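Notes follow the structure.
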Amino acid sequence: MQPNDEAAGVMESLDWLESIAASSPVSTGKQDQVGLVRTIGARMRHARELCNLSQSAAAKRLGYANPSKLSKVEAAADTNSVPLWLIRRAAEEYEVSVDFLFGFSDDWETGARMTQEREVSAWLKEQWKVARERDLSVLRMLNDRLFEMRSGVAAIHAGIREANMALEKFADLNPEFAEDMRGSNRLVNAMTQALAATERTKAKLRMDVPMEIA
């Protein structure tokens, strides 16, 4: 039903308001219809404000040329004229449930919106799981490489230390080594520097602290 069918809408509203008022949470005997119209008006105002719309902007969306009629509905100024088409269009434009507009529910979200939000939430959760597994996979790979580096550095360090000990033993057994053999000092210095370098690398890798990836 369109706004230009206002007269028919008013007559129709008299019928459906009376039939639904009896089951409304605002029922107060003879004041059923009045209470229901006030509830609808208040809920329509609330729904409009949820959409951050002025009365003028909302009126245009609902099919009115100006906000005066919408203002009357929201203020429940006329307890006999809440066109049925307006309830349906308001629910669509404001994206709220009809039950909310009638006062049957305080949950303004429509079933479709709630379903969509649940679907989005499920999608986000699934994407988070995928991203987490990808990150863990990268961490495992880095952990494996770090373990290999630690093992390699440990082996190199042990080899250089063994070679340095052998060199020192050789120098003790051959006193002329340091004085008469050409390049001996250079060899000793290189061995000392290599040993110190592997010790520093070993410390940086914190080889005494194991790394575990869940």
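For (1) polar (S, T, N, Q); (2) at pLDDT 85 or above; (3) closer than 30 Å to ASP99 by Cβ, each residue gets a yes or a no:
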residue: GLN116; (1), (2), (3): yes, no, yes
residue: LEU124; (1), (2), (3): no, no, yes
residue: TRP128; (1), (2), (3): no, no, no
residue: ARG134; (1), (2), (3): no, yes, no
residue: VAL138; (1), (2), (3): no, yes, no
residue: ARG145; (1), (2), (3): no, yes, no
residue: PHE170; (1), (2), (3): no, no, no
residue: PRO175; (1), (2), (3): no, no, no
Is it the case that the stretch 84-96 has a residue that's more than 20 Å from VAL34 (Cβ to Cβ), open to solvent by 40 Å² or more (accessible area, probe 1.4 Å) and among the hydroxyl-bearing types (Ser, Thr, Tyr)? no
Selection from the stretch 84-114 of residues polar (S, T, N, Q) and at pLDDT 70 or above yields SER97, SER105
Please go through the stretch 62-95 and give me each residue that is of a type in the set (D, E, K, R) and under 24 Å from ASP106 (Cβ atoms), ordered by number. GLU74, ARG88, ARG89, GLU92, GLU93, GLU95
Which members of the stretch 177-214 meet the condition of being in contact with a Lys or Arg (Cβ under 7 Å, 6 or more places away or on another chain) and either at pLDDT 80 or above or not in a loop (DSSP other than H, G, I, E, B) (or both)? LEU195
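The values are calculated or read from the model by the stated rules, or taken from the named source; none is laboratory data. Keep in mind that this is a model prediction, so the values were computed, not measured. We place every Cβ from the backbone using ideal geometry, glycine too, and count neighbours over all the protein chains shown. Surface areas here come from the heavy atoms of the whole protein model, side chains and all, with no ligands, DNA or RNA. Shrake-Rupley method; radii C 1.70, N 1.55, O 1.52, S 1.80 Å.
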